[in-house]
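What follows is a set of notes on a single structure, which appears directly below.
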Amino acid sequence: MTAPRPAGTVADPVAQADTVVQVRGLTKRYNERITAVDGVSMSVRRGEIYGFLGPNGAGKTTTLRMLLGLVAPTGGTVSVLGRPPGDPAALARIGSLVEGPGFYPYLSGNDNLRVVARYAGVPASRIGEALLSVDLADRARDTFATYSLGMKQRLGVAAALLKDPELVILDEPTNGLDPAGMRDMRRLVRSLGASGRTVLLSSHLLGEVQQICDRVGVIDRGRMLAESTVDQLRGGTELIVAATPPDVARAQLESMHEVESVRPYDGALRVRADDRHTALINRTLVSAGVAVTELRRDERQLEDVFLAMTDHEPDRQEVDDV
């Protein structure tokens, strides 16, 4: 009889070449009342920017901690770069920024990275390149205490890059940043992906994620709700139709084979249909005596989908992602 696999061990001894993170049924309970992560399954593919989305308190940070071996899972299986979480061989190939950067305030950015490099066993010669990659080379001699919040976040990313990692894990890297800081961080994450690294990015800022991520996973109240590309999650193109009389317009639209669904939307109708059929939809309505006053393409934003999936009243005690 095969002995059960301990929680948190590798899900498959031979990890797939194109999968960097493989999680199955990952669970973390703190007591009988608090389940921070509840049976999460997800996969992060090599070379992609993966957005890990969820409201504050959803379980994002707890999940990332378990991937890094900082928190022991209650159940489930995990493979990170083909190794168990926290395995030294895997950690040597991972750079991470979880829950904000922690540096000595009166050391310079350069000296703070020297401390990190010493503990990580990384040659100090890599510091200059790391600072350059986050656009802090000209402020390297200034003390950390004088840095803006955006600069502090970028120094944290520089520390994560010291090992020249294959996998970069960033926990809410744009948290608290002003628009300019968010723009700079967005550019930085894009550059990481362009350099061939795999990026696992947790966030609750949907507009940012929509612009930079290849695939996303949505977690809420500790449970994984969806995992797909951004386009698939958004559900493709819809049409906004304003027409009179609206009941006749809706009946006509619902009778068309080219229309997948029709629902009320802010005094008009939201129609799920390929925008190639826009002209046909217009002709059909006009032929039925319907006056069409508006007919336009509308792409659902990731934020709309996310809010629809996670709109609920709090019903559990949430921990960690605060």
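Within segment 52-77, being closer than 24 Å to Arg114 by Cα and open to solvent by less than 20 Å² (accessible area, probe 1.4 Å) holds for one residue alone: Leu68. Name the residue, out of Gly196, Gly181, that is out of contact with any strand residue (DSSP E or B) (no Cβ under 6 Å at 6 or more places or on another chain), open to solvent by 20 Å² or more (accessible area, probe 1.4 Å) and either under 30 Å from Thr62 (Cα atoms) or not in a strand (DSSP E or B) (or both). Matching residue, one of Gly196, Gly181: Gly196.
Of the numbered criteria (1) in contact with a helix residue (DSSP H, G or I) (Cβ under 6 Å, 6 or more places away or on another chain); (2) assigned to a helix (DSSP H, G or I), the one Ala145 fails is (1). Quick check on Val122: is it of a type in the set (A, V, I, L, M), in a helix (DSSP H, G or I), more than 24 Å from Cys213 (Cβ to Cβ) and over 28 Å from the mean Cα position of the chain (by Cα)? No, not satisfied. Working only within segment 202-225, note down all residues that are open to solvent by less than 40 Å² (accessible area, probe 1.4 Å) and closer than 16 Å to Asn56 by Cβ. Ser202, Ser203, Leu206, Glu208, Val209, Val218, Ile219, Asp220, Gly222, listed by residue number.
Let's see how each residue does on (1) open to solvent by 50 Å² or more (accessible area, probe 1.4 Å); (2) under 30 Å from Gly57 (Cβ atoms); (3) not in a helix (DSSP H, G or I):
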residue: Ser79; (1), (2), (3): no, yes, yes
residue: Pro85; (1), (2), (3): no, yes, yes
residue: Gly100; (1), (2), (3): no, yes, yes
residue: Tyr106; (1), (2), (3): yes, no, yes
residue: Val116; (1), (2), (3): no, yes, no
residue: Leu132; (1), (2), (3): yes, no, no
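Evaluated against (1) buried (at least 19 other Cβ atoms within 10 Å of the Cβ); (2) among the hydroxyl-bearing types (Ser, Thr, Tyr); (3) touching a strand residue (DSSP E or B) at 6+ places or on another chain (Cβ under 9 Å), Thr143 falls short on exactly one condition, (1). Looking only at segment 151-173, residues that are surrounded by fewer than 22 Cβ atoms within 10 Å (Cβ to Cβ), within 19 Å of the chain's Cα centre (by Cα) and over 18 Å from Leu68 (Cα atoms) come to 0 in all.
Considering only residues that are part of a strand (DSSP E or B) and among the basic types (Lys, Arg), which ones fall in segment 217-269? Across segment 217-269, the qualifying residues are Arg223, Arg263.
Among residues of segment 275-322 being in a loop (DSSP other than H, G, I, E, B) and loosely packed, with under 13 Cβ neighbours inside 10 Å, the one that is modelled with the lowest pLDDT is Val322.
The values are calculated or read from the model by the stated rules, or taken from the named source; none is laboratory data. Since the model is a prediction, treat every value here as computed from it, not as a measurement. All Cβ positions, glycine included, derive from the backbone under ideal geometry; neighbour counts span all protein chains shown. For accessibility, only protein heavy atoms count, side chains too; no ligands or nucleic acids. Shrake-Rupley method; radii C 1.70, N 1.55, O 1.52, S 1.80 Å.
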